[in-house]
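Derivation of every value follows stated rules applied to the coordinates shown; laboratory data play no part. Everything quoted here is computed from the prediction, not taken from an experiment. Backbone-built Cβ (ideal geometry, glycine too); neighbour counts: all protein chains shown.
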Amino acid sequence: MNYARTDILMAIPREKHGVRIYKAEKTCDGYTLINPFTSNDVWLIDMRGNYVHKWVMPTIPRNHGVFLPNGNLLYSTMAPLPSIEDMSVPRHWGVSAGLVEVDWEGNLVWKYLDKCQSHTFYRMENGNTMIPRVEVVPDEVAVRVKGGMPGSEDRGAVWSDGLHEVTPNGEVIWKWSAADHLDLDVHVMCPLSYRGDWTHMNSCEVLPDGNTLTSFRNIDTICIIDKATGNIKWQWGPGEVSHQHAPTLLDNGNILLFDNGAHRKDGSLINYSRAVEVDPATNNIVWEYKGDPPRSFYSSLISNCQRLPNGNTLICEGMKGRVFEVTTDGEIVWEYLNPFYGYHDVHGYYGHSNSLFRAYRYMPDHLGLKDKNLSPENLAWVNGLYGPEALGD
Amino acid sequence: MSRIQKDVSLDVFDKGPKAYRGYTLFSPVGGTEVYLIDMKGRPIHTWRMPFEIGSHGVLLPNGNLLCAVTDHEEPLADFDGAAGSLLEMDWDSNVVWRYDDPYMHHDFHRMPNGNTILLRWVPTPNDIACKVKGGLPDTEREKIMWSDSIREINPAGKVVWEWLGYEHLDPEIDKVCPLCFRNEWTHANSFIVTPYGDILASFMKTNTIAIINKENGDITWRWGGFLTLAHPHDVSLLDNGDVMVLGCGIHLAGMEAGYSEILQIETKSNNIVWEFREYSVVDFYTPCKGSLQRLPNGNTLICEGDTGRIFELTEGKEIVWEYVNPFYQTSPIYGRNNMLFGVYRYGHDYQGLKGNAPKATKPAMVPQEKGMPEGKKLSTSKEQVVRDRLGSLGY
């Protein structure tokens with residue numbers, strides 16, 4: 001598919017799309033990467049909501065793209081599902097058609113194919129890429145995995161996750177498998193999850209000390225993996241968060257993550273999400289943001305948070321296609337609602353969606369933006385339809 | 001809309017004759033007022049309750065309001081839907097009848113003969129409770145698993161009929177949702193009395209809707225279960241015998257996008273013959289409560305309870321009327337909210353409005369095109385629903 005797969009707004013636009021809050025004196029200005037989940041377009045927008053750059057990728061993302069300091073976009077592509085007999089990939093995931101790195105003009109600079117690459121990736125300082133991937137769990141372990149819905153294995157198999165560190169030459173120089181290090185008595189699945197999907201790793205960040213911070217959605221656990229031994233040296237989550245995404249290490253040593261809240265075990269019938277900052281030294285939550293009222297901010301799946309240099313936090317409420325910036329006091333100082341809707345090729349449960357897997361803000365002095373033309377004039381035709389003047393008040 | 005809670009004005013979206021003309025009754029949960037508004041959202045009448053609304057109010061054919069209220073002192077006051085009294089009030093908010101039952105909850109129905117049927121909690125005998133499967137372990141309420149009873153009382157408050165859920169439910173079939181507390185077995189939240197005198201009820205925690213024979217208490221029809229229905233809330237029976245249900249969609253198995261749906265089920269085949277989900281599915285989501293009412297013009301009045309949004313939907317899935325409850329309350333269970341449990345539309349000629357509401361100048365109902373625009377009829381079996389849900393995951 002080489003055409004832009006963007007649908008226009010719904011027939012009854014009930015809400016203003018695009019940037020709808022911008023308190024310029026309180027925001028941390030920069031450029032935000034908008035990567036609609038059901039489209040193969042990737043956009044950079046300015047603070048007013050002008051589209052200033054666009055990449056057209058070969059496929060919809062699996063699940064997103066990241067803008068690198070070298071000015072390229074690193075993006076994972078989606079392949080069609082293989083036949084149901086193909087046991088080399090799990091059915092519930094879609095299949096990767098490869099990680100691609102493209103330059104500012106969209107030319108292919110690097111590609112790495114691992115069918116089992118899932119969710120995300122991390123470009124390390126040394127130029128290698130850390131890749132989360134799904135891996136089938138050996139039978140003798142699979143039968144002892146606890147939780148989940150009985151009988152819901154993937155064609156009899158239980159999948160978990162692993163990590164591969166890949167060099168620019170495509171050589172795998174470090175491997176890690178969750179099944180080797182998880183505790184079957186502790187890491188019990190959410191009772192409503194499919195047993196085909198034991199852990200559901202949805203995040204990967206290589207830390208300055210070389211260890212990897214990751215998140216396992218279906219067991220409500222985030223953890224740090226020791227590079228040398230593969231041991232889990234810190235973990236947190238069960239009873240505190242539910243189906244979380246995208247933990248990230250902050251300069252102050254705390255970890256910021258998106259607590260989706262899809263399947264909390266507190267008996268509550270209200271769903272709400274939170275941005276949570278936890279201190280790994282004490283395991284205490286030191287800051288959180290909830291909507292007012294709490295259920296007004298909820299994304300069952302996907303999503304992320306990013307701490308900005310001025311102390312604000314950028315939050316992507318993925319399922320609603322909403323990105324917003326809050327101060328530490330919880331005041332919303334910027335907000336954007338994705339106007340690009342479409343159907344997902346593989347995951348029908350999204351419906352006609354404007355979901356965003358994640359969003360990132362890049363500062364004006366970000367290395368990758370050096371000498372780049374970021375004028376709204378570049379995409380005058382898009383701004384005429386979806387820009388701040390077009391979408392009105 | 002479920003995206004962002006906004007403080008709303010009294011704006012209403014009204015597509016004129018396409019919507020069933022009349023008045024809409026709604027009861028902000030946790031508030032003390034029940035409102036009747038016209039099609040333009042203008043308040044026509046307000047009832048003022050001496051206690052907080054526990055679930056909802058209904059305008060009876062005799063012109064009185066019947067409403068379930070709570071003083072938060074009931075033994076199970078923190079259970080969702082708790083109410084301690086049923087109040088019947090005249091147009092001027094004078095209480096003309098009152099029935100107290102500290103274990104009453106959610107729904108009630110005034111029969112033509114003057115009796116009232118209501119839902120109430122009863123403790124499940126231990127020997128049955130320990131056989132009930134599902135739910136989070138060790139989450140009973142002080143070691144009691146409460147279950148539902150349906151009770152009929154006469155105007156003097158005497159119990160003339162009672163159905164005890166635990167005598168008729170089957171622990172092998174009626175399993176508690178894996179993520180819910182075992183403080184309750186079923187959490188019935190809605191029922192209607194069918195023209196045959198049976199009871200059609202919705203059991204939230206067992207993800208089931210069922211028809212109960214009033215003579216012997218047998219469950220003569222059941223529908224639901226994991227992957228087909230998640231936390232039903234409100235059932236309705238159509239003239240053709242089909243059942244409609246609002247599936248809240250919370251605690252849906254697998255990859256839960258967070259959306260609600262309305263299903264119409266043909267009871268003979270158990271197939272789904274009509275369904276509604278929003279175009280962008282997360283735009284219609286009410287995890288906790290809501291209602292639906294099939295209107296005489298073939299449209300359905302839907303209450304997205306959690307967001308306080310009421311809308312009227314044609315069979316062709318067009319929204320022809322929409323209103324959002326602007327009256328926020330603060331409740332001990334839900335915090336600050338504008339939730340609505342149940343909402344009703346009454347036509348201009350409704351008996352209960354005679355003499356009280358402004359005379360209609362336009363007819364309530366305009367002949368409409370019926371059926372799906374493409375002429376394609378749905379008939380989806382439960383097995384197909386499960387296959388579709390798994391298929392959306394890639395299986």
Would you kindly calculate the translational diffusion coefficient of chain A, applying Stokes-Einstein with the Kirkwood radius from alpha carbon pairs, for 25 °C and a viscosity of 0.890 mPa s, and quote it in µm² s⁻¹ without decimals? 115 µm²/s
Over all directions, what mean area does the Cα convex hull of the protein assembly as shown project, stated in square nanometres? 33.7 nm²
What list of ³J(HN,Hα) values in whole Hz, one per residue of the range A:255-261 in order, does the Karplus curve 6.51 cos²θ - 1.76 cosθ + 1.60 (θ = phi - 60°) give from phi, with Gly and Pro shown as x? 10, 9, 8, 9, 9, 4, x
Check which residues have an amide H placed less than 5 Å from B:GLY254's amide H, if you skip close sequence neighbours. A:SER193, A:TYR194
Taking every other residue with Cβ under 15 Å from the Cβ of B:SER93 and scoring Lys and Arg +1, Asp and Glu -1, one gets -3
Exposure proxy check on A:ASP29, A:ASP154, A:ASP220, B:ASP349: fewest-to-most Cβ neighbours within 10 Å is B:ASP349, A:ASP29, A:ASP154, A:ASP220
Pairs beyond 30 Å (Cα-Cα), from A:LYS290/B:LYS175; B:LYS18/B:LYS214; B:LYS205/B:LYS317; B:LYS214/B:LYS317; A:LYS16/A:LYS370: A:LYS290/B:LYS175; B:LYS18/B:LYS214; B:LYS214/B:LYS317; A:LYS16/A:LYS370
The range A:118-301 shape via C-alpha gyration tensor axes, a/c threshold 1.5: oblate
Give the calculated FRET efficiency between A:LYS175 and B:HIS72 to the nearest 0.05, with a Förster radius of 35 Å applied to their Cβ-Cβ distance. 0.05
Scan around A:ILE21 for amide H atoms under 5 Å from its own, H built in the peptide plane at 1.01 Å from N, and keep only partners 5 or more places away or cross-chain. A:GLU335
Mean Cα-pair separation over length for chain B, i.e. relative contact order, pairs under 8 Å, 6 or more apart, %: 16 percent
When only Cα pairs under 8 Å and 6 or more residues apart are kept, what is the percent relative contact order across chain A? 18 percent
Of the options B:LEU295, B:VAL122, B:SER190, report the single residue whose Cα projects farthest towards the positive end of the charge dipole of chain B (beta-carbon charges: Lys, Arg +1; Asp, Glu -1). B:LEU295
Within 10 Å of each Cβ in B:274-281, the average number of Cβ atoms from other chains: 4
Just rank B:LYS317, B:LYS289, B:LYS354, A:LYS290, fewest to most, by other beta-carbon atoms within 10 angstrom. B:LYS354, B:LYS317, A:LYS290, B:LYS289
Need one value for B:255-263: mean number of C-beta atoms belonging to other chains within 10 Å of its residues' C-beta atoms. 6
Given a Förster distance of 51 Å, report the FRET efficiency between A:THR229 and B:GLN351 from their Cβ-Cβ distance, rounded to the nearest 0.05. 0.05
Excluding A:LYS227 itself, what net charge comes from residues whose Cβ is under 11 Å from its Cβ, given Lys and Arg +1 and Asp and Glu -1? -2
Which of the peptides A:37-50, B:198-211, B:32-45 is most tightly packed, and how do the rest follow, going by the mean number of other Cβ atoms within 10 Å of each residue? B:198-211, A:37-50, B:32-45
B:HIS168 to B:LEU60: FRET efficiency via 1/(1 + (r/R0)^6), r the Cβ-Cβ distance, R0 45 Å, to the nearest 0.05? 0.95
Sorted from fewest to most neighbouring beta carbons within 10 Å, what does the list B:SER381, B:SER93, B:SER85, A:SER160 look like? B:SER381, B:SER93, B:SER85, A:SER160
Report, as an integer, the average count of C-beta atoms from other chains found within 10 Å of each Cβ along A:293-306. 4
In Å, what Kirkwood hydrodynamic radius results for chain B from the alpha-carbon pair distances? 21.4 Å
